[in-house]
């Protein structure tokens, strides 16, 4: 079943629900639409599965009812520059669950959608379990991401009228000059993330841990460290370093923590279905 649901800002998001209704439900806001042809080939260059959403859904629906949608893709098409706050995102997610007649559910989010899962967990008692990939549950790099996001926004503002060099779209990541890459995107797309991180500047992710009594899993690739150049504020977002440093503390707080091994297991590789499903599916079955 698929339907369009009107969110808090009146934009409409396509949401799907598959699987046995007698099974436990997993919410997947990371379920990107499949892309093919030249665009699909380009994604593969970057190590991205062009059928990422499809493979996640297929990989889980034999054991779970899967509530799926592409929240990031929706927000890139329908930016919410002034109001993409954690509170409003959570309202969107709960509205989606309500519209699809789902009361209790587990949640899996990756990167910024992982931190959204943490915000969801502290605002509702409807979560049965939480999986955060590519973003640590304590000592999260909110300030570093605020710096990167603000710099991206500034560049988008400065490059609004610059001619776009589309050659940079078709090169492999190894050949990209990250320090001098031209950021030319809709300013509202990046402004909404400035709004989101700005609203997280006073958030204390340690203080809320005592409220998280559900099963919870955090993971990252062992190479998930991003060093940003001057253009992006000269900051390092060390996802795996933070997770490793706090592994024992997190486990004492009831988290399962996994570091995905592999020489190329960076932020992108550690979000692909083939890698993630082998970790989260048995964990979800065990914790259902």
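Every number here is computed from the coordinates shown, using simple stated rules; none is lab data. Please read these numbers as outputs of a predicted model, since none were measured by experiment. Cβ atoms come from the backbone with ideal geometry, glycine included; neighbour counts cover every protein chain shown.
The ranking of 245, 216 from fewest to most other beta carbons within 10 Å of each one's beta carbon is 245, 216. Taken over the C-alpha atoms, the range 9-154 has Rg and Dmax values of 15.7, 49 angstrom. The C-alpha atoms of the chain define a longest principal axis, and helix 86-99 lies at about 50 degrees to it. As a ratio to 2.2 N^0.38 Å, the alpha-carbon radius of gyration computed for the chain takes the value 0.97. Label zone of residue 83 (point 7 Å out along Cα→Cβ, amide N under 11 Å): in the range 1-43 this covers 7-11. Counting beta carbons within 10 Å around each of 74, 211 and listing the fewest first gives the order 211, 74. Considering only alpha-carbon pairs that sit under 8 angstrom and 6 or more positions apart, the relative contact order computed for the range 1-132 is 28 percent.
Across all C-alpha atoms in the range 218-288, the radius of gyration and Dmax reach 13.8, 45 Å.
Helix-only arithmetic for the chain: the sum of -39500 (n - 2.57) across DSSP H runs with n ≥ 4, divided by the residue total, places the mean residue ellipticity at 222 nm at -11000 deg cm²/dmol. Going from the residue with the fewest nearby Cβ atoms within 10 Å to the one with the most, 115, 217, 277 rank 277, 217, 115. Placing a pseudo-label 7 Å from each Cα along the Cα-to-Cβ vector at residue 35 and residue 253 gives an inter-label distance of 3.5 nm. Return one number: the angle in degrees, 0 to 90 and rounded to the nearest 10, between the long axis of the Cα atoms of helix 142-158 and the longest principal axis of the Cα atoms of the chain. For helix 142-158, the angle is close to 40 degrees. Whole Å is fine, so just give me how far the alpha carbon centre of the range 209-288 lies from that of the range 108-146. Taking the Cα centre of the range 108-146 as reference, the centre of the range 209-288 is 11 Å away.
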